[in-house]
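Each remark here refers to the structure printed beneath this line.
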Amino acid sequence: MDVMDTSQALDAFTRFFHERGHQPLRSASLVRPPGDPVLFTTSGMHPLTPYLEGRPHPRGPRLVGVQRCLRTTDLDEVGDRTHLTVFEMLGSWSLGDYDGGQSLRWGHELLTEGFGIGPERLYATVFGGDDLLGPDTGALRTWQELGVPVELTGEDNWWSNGPTGLCGPDSEIFVWTGDTPPQGAPSGDDRWVEVWNHVMLRYQRLSDRTLRPLERRNVDTGMGLERLAMVLQGRKSVFETDLFEPWLRTVPPLWEVQGPELRVVVDHLRSAVAVIADGVTPGANTGGYVLRRLLRRVLTTLWRHDAGRTLGDLPTGLIGGTLDHFGQPYPVERIRQVLLDEERRFAVLLERGRKVLSRPRFSGPLGAEDYGYLHDTHGLPRDLVDMLRGPAAAGR
């Protein structure tokens, strides 16, 4: 397999689907418009929901695009080898045009012939049925015809947009990333990494939990660009790809962090740049709280080791390169100002926190009630409390 950089992989993906009649879409903002129940764009299909529900799309029934996404549900997973806060999703869509089988065949063709991934490194999972529906025999038959091994699952291969709304079976494609020949199945070996999900949107779930078949069936696929780059570049984590090379070249000499802590710092700062550039500022509510949580987690990590570290050390070129990558025309100096303003606010909170924790009540071991009180009354999260009570916090 030839090594592709991220730009080449992105071009290959969009070109493949454009040659098959898919019209390109521009990335939407991470921030959802008023009235949307979700704070941030969580998937490539999110901005397309009205069209997946039946409205004709002005660009036609076949679409392709790259969408930056943010999933707050993944925040606690960041630090491992595959999870990120802000990531990019490569997507292809059929709005009532071709079926799921065609989508899977094209997916197999692009992965094996376009990207050069050996067919023996592929494994698929397929919806195996539940108490309402039987297995997705169409997807199962397609994979069998292509010679790809299949693992049948339950809810892991059922996609839904919430308690009600669009839903249907999906089929996930995994790639073997181990140093040995492929073995086992995706559910039992994390060396199988999911790279592409093909969702067959066939139903509308009603408030009484029943399923109503859609008049127009759609196909929605999503493939994480960073995970694809990891596979194509033969890396062990998304952080080792060319996407993160500028960050990993700059941050360790700057602040001397490593391992999972380095991944958290790099991910959260890179994500913060993208979120700020889409118009969010740190705050106590909604999306501003997510941004504040990202930045304060970074500062907690940095100050745990050295109280003199500051986000002002972050080179402007690193911020500018991130903005260029995400296609966000936003002033670099404005990003820096938001970072430094939040750093100052956090330093004030730390000083207040020290005074609170100096009270006799908190001199001994803390229980759940103490942590709850400190968080709800004084705005001190548990990791911050632990940092302030630890030896590394004594000098600040």
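Some observations on this one:
- Every Cα-Cα pair of the stretch 249-300 was included, and the share exceeding 19 Å stands at 28 percent.
- Taking every DSSP bridge with both residues inside the stretch 52-103, close to 90 percent are antiparallel.
- In order along the stretch 57-64, phi translates into HN-Hα couplings of 8, x, 9, x, x, 10, 9, 9 Hz, rounded to whole numbers, per the Karplus curve 6.51 cos²θ - 1.76 cosθ + 1.60 with θ = phi - 60° and x for Gly and Pro.
- Shape analysis of the stretch 129-281 yields a ratio of the Cα radius of gyration to the Kirkwood radius, Rg/Rh, of 1.06.
- Where only DSSP H runs of four or more residues are counted, the chain gives -12000 deg cm²/dmol as its mean residue ellipticity at 222 nm, each run worth -39500 (n - 2.57).
- Under the Debye formula (equal points on every Cα, no solvent term), log10 I(q)/I(0) of the stretch 68-135 at q = 0.13, 0.17, 0.27 Å⁻¹: -0.66, -1.04, -1.05
- Compactness of the stretch 1-42 as Cα Rg over 2.2 N^0.38 Å, two decimals: 1.67
- Kirkwood-based Rg to Rh ratio, the stretch 1-150, C-alpha trace: 0.97
- Of interest is the spacing of the C-alpha centroids, which for the stretch 1-40 and the stretch 214-232 amounts to 10 Å.
- Karplus-derived 3J(HN,Hα), 6.51/-1.76/1.60, for each residue of the stretch 314-331, Hz, glycine and proline x: 5, x, 5, x, 5, 5, x, x, 5, 4, 5, 4, 7, x, 10, x, 9, x
- Kirkwood Rh (inverse of mean 1/r, distinct Cα pairs), the stretch 209-331, angstrom: 16.6 Å
- Rolling a 1.4 Å probe over the protein heavy atoms gives the chain an accessible area of 45 Å² per residue.
- Cα-based radius of gyration of the stretch 129-219 once divided by 2.2 N^0.38 Å, which approximates compact folds: 1.22
- Using alpha carbons only: equivalent-ellipsoid semi-axes of the stretch 333-396, gyration tensor based, whole Å: 25, 13, 9
- Over all distinct Cα-Cα pairs of the stretch 1-85, the Kirkwood formula returns a hydrodynamic radius of 15.0 Å.
- Across all Cα atoms of the stretch 70-194, the radius of gyration (one decimal) and Dmax (whole number) stand at 15.4, 43 Å.
- Most to least packed among 285-292, 215-222 [average Cβ atoms within 10 Å]: 215-222, 285-292
- Protection proxy ranking for 169-179, 361-371, using the average of other Cβ atoms within 10 Å per residue and placing the highest first: 169-179, 361-371.
- Gain in span if fully extended, D76 to D36, counting 0.36 nm per residue against the direct Cα distance: 12.0 nm
- Packing rank of 16-22, 204-210, where each peptide gets the mean count of other beta carbons within 10 Å, highest leading: 16-22, 204-210
- The eigenvalues of the Cα gyration tensor, multiplied by 5 and square-rooted, give the chain an equivalent ellipsoid with semi-axes of 40, 24, 22 Å from largest to smallest.
The values are calculated or read from the model by the stated rules, or taken from the named source; none is laboratory data. Every value quoted in this text rests on a predicted model; they were computed, and no experiment measured them. FYI the Cβ positions are ideal-geometry reconstructions off the backbone, even for glycines, and counts take in every protein chain you see. Protein only, heavy atoms only, side chains kept; ligands, DNA and RNA dropped before computing areas. Shrake-Rupley method; radii C 1.70, N 1.55, O 1.52, S 1.80 Å.
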